[in-house]
Amino acid sequence: MNVHIESVEVEPGYRLEDYAEYNYLTSQVADLEAAARISVPLLTGRKIWMVSSTRQGGGVAEGLPRVVSLMRQLGLSVEWVVIHSPDPAFFALTKRVHNHLHGVGKTGLGRRDRELYDGVSTRLADEFASELGSDDILIVHDPQPLGMGARLKAKRGLPTIWRCHVGFDQTVPVSEEAWQFLKADVLAYDRSIFTLDAYVPSFLSGKAAIIPPGIDPLTHKNRELSVPKTSGILIDAALAATMHPVLTPPFEAPALRLQVDGSFKSAVFPEDLGLLFRPILTQISRWDRLKGVGPLLDAFVLLKRGKPARARSDRHQLSIDHARLVLAGPEPEGVQDDPEALEVLTELCERWSNLPPELKHEIAILKLPLASVKQNALMVNALQRCSTVVVQNSVREGFGLTVAEAMWKTRPVMGGAAAGIRAQLVDGTTGRLVDDPGNA
Ligand code: UDP
């Protein structure tokens, strides 16, 4: 099997008029339309290609469908494609580069890595070149398809933009080496865009634009949910049990919870989690070591064991006693460009299986199926809304859409003090920043 480029269909979803109806968005929609009146005519007849490396799981896949749909509504011709490589070593390498850009891992990117990255990038570029018109524009997301875009630039001379969603606000040898690995390809592009100023590598200093990502308030992930709707979703997803009749049918693929025998079963086994009644701490993220899920589990165990004893009152102690921790993430097989997910989830499951039975009851490890994007989003929305605290204990975080999602839902957030989270969370106002998320 060879490399290939998959075209991803994008549903139109909400229209600009729908957004404009909300007071807090009216002026933004007007500004966007005014800007479009100037720029869209300049782009007539040209197709804009968004290129990324997974259609589901993670922040890029979360944001692109809405961006594509909104750009289309403004009159632009936009397509979204995803790169595929049959060689698993390619995404293993790009994951290593991703970790290195975040300052994690050991240096040692070598000649074989170079050959692998360049080889796959060239084959992808050869595969994709025939689809492209001479006036088309490429917007390439993150390091995985970066090399392909650089080769297409060289081959076809198209305008190219690299949109980097990752970053680390320090320079350490391992991040420096990763930037050296990518540098020639990055420099081949006409423009680059980063999430924060602090992420721009020195060789692009003064030449990159900054655009923080955003969330869409009207999507299934973020839209307002009434109390009956929230409970209905939890019940349809088998995240909660009920004796009452429910209006809507069960989801085709329910959420799955780790069981004592190591299997994953519907989350109401062995008993209802109490999501609608108990103090709930929730982290929802990809199974990635940089998300700090392991230390979070350990911290919750310490909290339950009263170490350190911090209860301020009997009522507070009762909250701690009744609290449950929910650690949720996508089915690991579903996220193409994240080959470490299965390993990280397996490690977490082992950590959980070594806990005494009473603590296993208090900590739910959940897999949220990706079969339906809508149902997955509704599960995330309902889980965030019924949380007392949303946690994002990231050791490193480019941005952390989950933080914006939780704050939008007025949930207090406990966030690891990684740069992306520090840029969003106001310590003491919208939540608390944890200086050392790796320290339980
Ligand atoms: N997400 C999801 N289902 C999951 C886990 C995560 O829909 O099981 C979403 C989450 O709600 C957020 C995105 O994936 O919108 C993750 O983006 P973020 O910027 O937090 O992190 P990234 O995965 O890009 O590192």
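The values are calculated or read from the model by the stated rules, or taken from the named source; none is laboratory data. Computed from a predicted model, the values in this text were never measured in an experiment. Because the Cβ atoms are built from the backbone with ideal geometry, glycine has one as well, and the counts that use them run over all protein chains shown.
Annotations
- Selected residue [within 16 Å of the ligand (Cβ to nearest atom) and at pLDDT 95 or above] from LEU355, LEU296, LEU276: LEU296
Quick grid of which residues meet (1) free of Cβ contacts under 8 Å to residues at least 40 places away in the same chain; (2) touching a strand residue (DSSP E or B) at 6+ places or on another chain (Cβ under 9 Å); (3) assigned to a helix (DSSP H, G or I):
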| position | (1), (2), (3) |
| --- | --- |
| GLN28 | yes, no, yes |
| ALA34 | yes, no, yes |
| VAL51 | no, yes, no |
| GLY57 | no, yes, no |
| PRO65 | no, yes, yes |
| GLU79 | no, yes, no |
| VAL82 | no, yes, no |
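- Residues satisfying the stated conditions in region 362-409, i.e. of a type in the set (Phe, Trp, Tyr) and more than 9 Å from the ligand (Cβ to nearest atom): TRP408
- When GLN336, GLN317 are checked against the criterion of being modelled with pLDDT under 95, polar (S, T, N, Q) and under 30 Å from SER52 (Cβ atoms), a single residue qualifies: GLN336.
- Contacts under 6 angstrom Cβ, first residue in region 151-167 being away from the ligand (no atom under 16 Å from the Cβ), partner modelled with pLDDT of 95 or more and assigned to a strand (DSSP E or B), 6 or more apart: LYS153/THR160; LEU158/LEU138; PRO159/ILE137; THR160/LEU138; ILE161/ILE139; ILE161/ARG191; TRP162/VAL140; TRP162/SER192
- Residue in region 217-227 that is away from the ligand (no atom under 16 Å from the Cβ) and either crowded, with 17+ Cβ neighbours inside 10 Å or not in a loop (DSSP other than H, G, I, E, B) (or both) present: yes
- Scanning region 88-117 for residues that are more than 22 Å from the chain's Cα centre (by Cα) and surrounded by 15 or more Cβ atoms within 10 Å (Cβ to Cβ) turns up LEU109, ASP113, LEU116, TYR117.
- Scanning region 84-111 for residues that are hydrophobic (A, V, I, L, M, F, W, C), in contact with a Leu (Cβ under 9 Å, 6 or more places away or on another chain) and part of a helix (DSSP H, G or I) yields ALA89, PHE90, LEU93, VAL97, LEU101.
- Among the residues of this structure, LEU290 counts as one that is in contact with a helix residue (DSSP H, G or I) (Cβ under 9 Å, 6 or more places away or on another chain) and within 16 Å of the ligand (Cβ to nearest atom).
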